[in-house]
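Worksheet: one structure, shown below.
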Amino acid sequence: MGSVQPPEEVLAPGAPPAEKVSAPGRRMTRARIRRGLRETFISLRYPNYRLWFAGQLVSLFGTWMQVTAQGFLIYDLTRSPAYLGYVGFASGAPSWLFTLYGGVVADRIPRRTLLIITQSAMMLLAFTLALLTFSGRVQPWHIIVLAFLLGVANAFDAPARQAFTIELVAREDLTNAIALNATMFNAATIVGPAVGGIVYALAGAAWCFVVNAISFVAVIAALAMMKLGPARLPANGAAGGGLRQGLRYVASAKTVRGLMACLGAFAFFGIGIVTLIPAWSVEVLEGNAATNGLLLSARGIGSLIAGLMIAALGRYRVKGKLLTLGSFAMGLMLLAFAATNQLPFSMLAIAGVGWGFMLIVNTINALVQSRVPDELRGRVMGIYTLVFFGMIPIGSLLAGIAAAQLGVPLTVALWAVAQLVLASLLWFRWPGLRRLP
């Protein structure tokens, strides 16, 4: 292709040869665009990662359909924002009980095997919720119990999933792969909630749960098709001893410890408030399940843009700056969300919240994983998962209770102010954060 030159254009007599002068510039611009796209999606050159990306994308599409339908279903059954917090708490509480042990397990058995087991369990839970809903017997306590059991499966799945990435790509492409993982997650959040809201409105919640259950087949098949080398596992020992080793590492690594604290604080404020979106859709925007889906999809669009941005910058040493930018952006956009009662402006603001939050989470993930020894990766990512998913249920529970007492708009505004205070504290008390490579 490079040896084939485009034909010269015929110019009018006396006309300046503008095209000739600008042609090298155009070729340079096209080369930069191609290089940028190649660097953004560089992890897709690995066959195992391509399988993982495709399987997860399908599965996450179904997951977000269920998340959207489940939240609106419990609000439909109870008309109480507090119940939205109860479901969020039930799904996240197992993180406190099992995630650290899940990290130990992820270092003791092949991660692919563990992921197949956990994904199969999640598929069975989705089918169970679908059957209860189809039968007309579903009650709020059914949803809460199934959310808790799903949280148990996720407590073992998440550390293995986080640590599995290094087995799919070369180390120099790890940041890019982490960002692309977030990109596929957020691509699913754009389509899944919107479709879930429409399906809920037209056919009912049960069909959303059925689609989710079937979607797990894609990721299970992708895992089975991968050609991986032999798993390098440490010698088996007491689980408690292995766990203490991971905890000692995090406690002694100052930067990792600080990043974990940031992750927990922003998860508390950033995800906990998302549980109120069904109530916001009805009480503030006077909408329905489709409105709920549109808001979640808008948040996904913002997150997707952030994920692609981080993937493109994966080999640049700007992660600390991106983390700082995201911390202020999320608080400001959540404050804007609290101030509007029009759907278009709400969608724009919640997209900004998703953009800021994804900058925070992705950069923290990449900064932590780039510092972790391989032999401790599962345990450290188990701690990471505990901090992330452990703070979400507490934030969800408190947001739901606060919304029931103070109203949804005031609760969102208070959470936004708290996030901005946190971002300001990080700016003044940890200036080295924004210099992290």
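Here are some notes:
- Total formal charge among the other residues, if their Cβ is under 14 angstrom from that of Thr291, Lys/Arg +1 and Asp/Glu -1: -2
- Debye-formula intensities of segment 132-203, expressed as log10 I(q)/I(0) at q = 0.16 Å⁻¹, are -0.85 (one equal scatterer per alpha-carbon, no solvent).
- For the chain, with +1 on Lys and Arg beta carbons and -1 on Asp and Glu, the positive-most of Val211, Tyr316, Thr133 along the dipole: Tyr316
- Difference of contour (0.36 nm per residue) and Cα-Cα distance, Ala82 to Arg257: 59.7 nm
- All Cα pairs of segment 89-228, percent lying beyond 26 Å: 30
- Each helix, a run of at least 4 DSSP H residues, gives -39500 (n - 2.57); summed and divided by the residues of the chain, these come to -27500 deg cm²/dmol at 222 nm.
- Gain in span if fully extended, Phe428 to Arg244, counting 0.36 nm per residue against the direct Cα distance: 63.0 nm
- Volume per residue of the C-alpha convex hull in segment 296-437, rounded to whole Å³: 114
- For segment 279-355: Kirkwood Rh in Å [reciprocal of mean 1/r, alpha carbons]: 13.1
- In this Cβ point-charge picture (+1 for Lys and Arg, -1 for Asp and Glu), the chain has a dipole of about 1540 debye about its Cα centre.
- Convex hull per residue volume in Å³, alpha carbons only, for segment 236-336: 168
- Each of Phe41, Phe89, Phe185 was scored by other Cβ atoms within 10 Å of its Cβ. Listed from fewest to most, they are Phe41, Phe185, Phe89.
- Solvent-free Debye scattering, log10 I(q)/I(0), computed from the Cα coordinates of the chain at q = 0.07 Å⁻¹: -0.36
- Using R0 = 45 Å, the C-beta based FRET efficiency linking Arg317 and Leu410 works out to 0.65.
- Label sites at Ala224 and Trp96, each approximated as a point 7 angstrom past Cα along Cα to Cβ, lie 3.8 nm apart.
- Shape metrics for segment 362-427, restricted to C-alpha atoms - Rg then Dmax, Å: 16.0, 48
- For Arg111, Arg434, order by how many other beta-carbon atoms lie within 10 Å, fewest first: Arg434, Arg111
- Measuring nothing but alpha carbons in segment 283-328 and taking Rh as the Kirkwood radius, the Rg to Rh ratio lands at 1.20.
- Compactness relative to 2.2 N^0.38 Å, alpha carbon Rg of segment 160-310: 1.34
- Kyte-Doolittle mean at least 0.0, axial Cα span of 15 Å or more - DSSP H helices of the chain: 47-78, 81-108, 111-135, 140-164, 174-203, 205-225, 254-270, 289-312, 319-338, 343-369, 377-406, 408-429
- Basic side chains Lys and Arg get +1 at the Cβ, acidic Asp and Glu get -1 at the Cβ, and with that the dipole of segment 305-437 about its Cα centre reaches some 540 debye.
- In plain terms, the residue of Met333, Met226, Met381 with the fewest other Cβ atoms within 10 Å comes first and the most crowded comes last, giving Met226, Met333, Met381.
All of the numbers you see were taken from the coordinates with simple rules; none came from a lab. It should be emphasised that the depicted structure is a prediction, and the values quoted were computed from it without experimental measurement. Here the Cβ is made from the backbone with ideal geometry for all residues, glycine too, and neighbour counts use every protein chain on show.
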